[in-house]
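Everything below concerns the one structure shown next.
Every number here is computed from the coordinates shown, using simple stated rules; none is lab data. Source: prediction; values computed, not measured. Cβ atoms come from the backbone with ideal geometry, glycine included; neighbour counts cover every protein chain shown.
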Amino acid sequence: MDDRMTRLSEVARIAVALEQQTGCPTQLMIAQWAVESRWGATPVGTHNYFGVKAAERHEKCCTVPTAEVVNGQRLVCEAKFADYDSLADSCKDYAWLITQGAPYRAGWQAYQASHDLGALINGVAKVYSTNPAYAGLVGHIASQANVAQAIAAARQEVGHVATA
């Protein structure tokens, strides 16, 4: 198994367990992770795999260059991002952000009623990214066969652990 598949398998196991705890869709977590960290290869700071900007709840932070789209123009600027001790911590905070964070409340409530992943991705993208193509990219990755396969394998593994 190559490094990318190993990283995908690892995040899938964590995301499946978090979906069981929080309801945050595994496909969304994996797609966001893939976009923001180039499939786990380049996190922000030490372990921010989701591009979560720093907030009061974060104990660790780092300032790094980031690309933003402003008035149709791609600009590089410095921004303060959260940092974490591990991939699992990064995943947990992302799941909390989507399911409990104020900017996502309306989208999350609508998702709970409809379970429309595409609508949730669009709602998250409007807040999460300044890139107008972001929702399409996250949606595309969420529907890829390799993502579905990693989720199926992780669900099997998590199911075996839960019943053991």
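Tabulated data for the structure shown
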quantity	calculated
Rounded to whole Hz, the Karplus (6.51, -1.76, 1.60) HN-Hα couplings of region 51-66, x for glycine and proline	x, 6, 6, 5, 9, 4, 6, 8, 7, 10, 9, 8, 10, 9, x, 9
Computed over region 23-88: relative contact order in percent, which uses C-alpha pairs under 8 Å that are six or more apart	31 percent
The chain, dipole about Cα centre (Lys/Arg Cβ +1, Asp/Glu Cβ -1), debye to the nearest 20	260 debye
Built amide H within the under 5 Å cut-off of K60, gap 5+	D83
Integer Hz, Karplus 6.51/-1.76/1.60 couplings in order for region 87-92, x for Gly and Pro	4, 4, 5, 4, 4, 4
Neighbour-count order for L18, L117, fewest beta carbons within 10 angstrom listed first	L117, L18
Nearest-20 debye value, region 18-105 charge dipole, Cβ charges on Lys, Arg, Asp, Glu	200 debye
Residue among C62, C91, C77 with the largest mean-square fluctuation in a Gaussian network model of the chain, springs linking Cα atoms under 10 Å	C77
Estimated 222 nm signal from helices in the chain, with DSSP H stretches of n ≥ 4 weighted -39500 (n - 2.57), rounded to 500	-19000 deg cm²/dmol
Long-range amide H partners of K53 with built H, under 5 Å	A82
Candidates S37, S114, S129: whichever shows maximal mean-square fluctuation once the chain is modelled as a Gaussian network with Cα springs under 10 Å	S114
Among (1) 10.1; (2) 11.9; (3) 10.6, the entry that matches mean projected area of the Cα convex hull in nm² as calculated here	(1)
